[in-house]
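The values are calculated or read from the model by the stated rules, or taken from the named source; none is laboratory data. From a predicted model like this one, the values you see are computed outputs, not experimental measurements. Cβ: placed from backbone, ideal geometry, glycine included. Neighbour counts: every protein chain shown. Heads up: the accessible areas ignore ligands, DNA and RNA and are worked out on the full protein's heavy atoms, side chains in. Shrake-Rupley method; radii C 1.70, N 1.55, O 1.52, S 1.80 Å.
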Amino acid sequence: AARQGMAMPKMQICLDKTYDASSSWRNQTQGLPPECAGHDLQRRPDGSLSMHVECKDKSGRTAVIDGSISGDFQTSYKVDMTTTAFGDDGKQHHAHMIMTQTRVGDCAPGQKGGSVMMNGQSFTPPQ
């Protein structure tokens, strides 16, 4: 049975004037493994991003992620995405996730744009 309303761990991401969150999302899709070769991230006229990713597992089953990323990417942004995949039971399954990021203050000392604080640990993903 699928769980609904699961909370993700809270994260704090250092967004400063030198960090472009939209570029980070673009780089994440470009760095996908070969199984996820079908990916597309496009900027819309309103400044938001549309996302479409297709991945195949070793048995040939396909998972598709469609969504959007909107906001000013400096003080806040929102990710809204739906994943559609076939499970081991052969049935199609859907998962919908919404993440909202909001500016809570200046970056902590020693952090740089893109640094992530989660569960008390800080790391900087590649850009």
Using a 7 Å offset from the Cα along the Cα-to-Cβ direction at both Lys56 and Lys91, what is the distance between the two label points in nm, to one decimal? 2.6
Using a 1.4 Å probe, what is the accessible area per residue for the stretch 59-115, in Å²? 62
Spin-label point model (7 Å from Cα, Cβ direction): what's the Gln42 to Thr102 distance in nm? 3.2
Pairs Lys58/Lys112; Lys10/Lys91; Lys78/Lys112; Lys10/Lys56: which are spaced more than 28 Å apart, C-alpha to C-alpha? Lys58/Lys112; Lys10/Lys91; Lys10/Lys56
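What FRET efficiency comes out for Met117 versus Ser76 if R0 is 25 angstrom and r is the Cβ-Cβ distance? Round to the nearest 0.05. It would help to have the intermediate numbers written out before the result.
Working: r = 17 Å, r/R0 = 0.68.
The pair Met117/Ser76 has a calculated efficiency of 0.90.
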